[in-house]
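Working notes, beginning with the structure itself.
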Amino acid sequence: MLGLVKFIFAVVAGAVLAIIVGAIFAVVSADYTLVGLVSIGVFIVTIVIIMNIDFSGMRKAPVVSEERQRYLLFGGLLMSLNNESNKAFKIVRSSPKDAMATLANWWDIQNHDEAIYVAMHLSLGNIHTDFADDVYNNLVKKGVTNPTSEDLAKLKVEHAQQIERIKLGLLTYDTAKKQLIKIGYTEAELAQITTMAAWDYGRTAFVSRFSAHSKFITEDEAWTFISAAAENAASTYDSWKQYLAAYVLGRCIAYGEFLNIGAGLFGENSVYSKTPFKAGAIV
């Protein structure tokens, strides 16, 4: 239906522009064949241009309930990086085609079963948590920054083989930790983090929403995983502050990528300050 409306709009716009351009050319040229050809050209080009414009980013998605906004906020950092709302479920900045490409390229998701598998395991903390926690508990907590063969022997065999990934993760972790302390975290607060599962929980909303946008799963299926990830995160961590730190540090260890969250996330008017971390809690 939207495609038909877009086509009708393109035809009308093309016709209007063709008449205007044709009238202008008729004033300066007596060659009516040329005037006709120019008008037809303008008409066709206008339709082609409009039909190839993606208007999805101009649409405003409906806001979901406060309960569901809380669920979405657990995936808020990654969705914000992709310029998507944490108050609405619908994806508006990426077309379904682009969403499908993203899922295929970054997640190896190309169908319903693959989308279900990844979203479910993210919501359970079963994608990168095992690797990140292994490195965190056996290297990071022991102050290892440049692991030796003896240090690597303490890790699971399949993890110890990823030497370059581990080294990059340790280096990025150190940078992130310094930044977190700079914006107000204490050594004691960071030491209380026991798992990097937040890195998996925090990506569940992204995969679930993009999978629904790609028609791989239904919206109801997506909410099942998003809500599960939120409640699992809430039972694992004590607060938004602790959860977000674990997400940032987990990203460092697993991917070697540092995300600067900034002190503003915990300001008086921050959405995190206004949203309860635990279900039913009073802010």
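So the values come out like this:
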quantity: Candidate aspartates and glutamates - alpha carbon under 14 Å from Lys215, same-chain residues fewer than 8 apart omitted; calculated: Asp98, Asp113, Glu114
quantity: Cleavage-rule hits (GluC sites (Glu not before Pro)) in the range 90-158: DSSP loop, at most 12 neighbouring Cβ within 10 angstrom; calculated: none
quantity: For the chain: span of alpha carbons on each principal axis (Å, largest first); calculated: 87, 46, 40
quantity: Separation of the Asn83 and Val16 label points, Cα + 7 Å toward Cβ, nm; calculated: 2.6 nm
quantity: Cα-centre dipole for the range 61-117 with unit charges at Cβ (Lys and Arg positive, Asp and Glu negative), debye to 20; calculated: 280 debye
quantity: Label-point separation, Met51 to Asn126 (7 Å along Cα→Cβ), nm; calculated: 4.6 nm
quantity: Full-stretch length increase - Ile40, Asn146 - with 0.36 nm per residue and alpha-carbon distance subtracted; calculated: 31.3 nm
quantity: Local electrostatic count, Leu265, Cβ distance below 13 Å [Lys/Arg +1, Asp/Glu -1]; calculated: +1
quantity: At least 27 Å along the helix axis (C-alpha) and Kyte average at least 0.0, DSSP helices within the chain; calculated: 2-28, 32-51
quantity: Unsatisfied cross-links (Cα-Cα over 22 Å) in the set Lys178/Lys241; Lys87/Lys274; Lys156/Lys278; Lys156/Lys182; calculated: Lys156/Lys278; Lys156/Lys182
quantity: Highest average packing first - 182-193, 41-52, Cβ atoms within 10 Å; calculated: 41-52, 182-193
quantity: Normalised convex hull volume, the range 134-198, alpha-carbon set, Å³ per residue; calculated: 88 Å³
quantity: Loop GluC sites (Glu not before Pro), the range 205-263, which have at most 14 other Cβ atoms in a 10 Å radius of their Cβ (DSSP); calculated: Glu257
quantity: The chain, relative contact order [Cα under 8 Å, separation at least 6], %; calculated: 21 percent
quantity: Residue-averaged 222 nm ellipticity for the chain, from DSSP H runs of 4+ at -39500 (n - 2.57), nearest 500; calculated: -19500 deg cm²/dmol
quantity: Taking the range 107-259 and dividing mean pair separation by its residue count, relative contact order in percent (alpha carbons under 8 Å, at least six apart); calculated: 38 percent
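Every number here is computed from the coordinates shown, using simple stated rules; none is lab data. What you see is a predicted model, and the numbers here were worked out from it, not measured in a lab. Cβ sites come from the backbone with ideal geometry, for glycine too, and all protein chains shown count toward neighbours.
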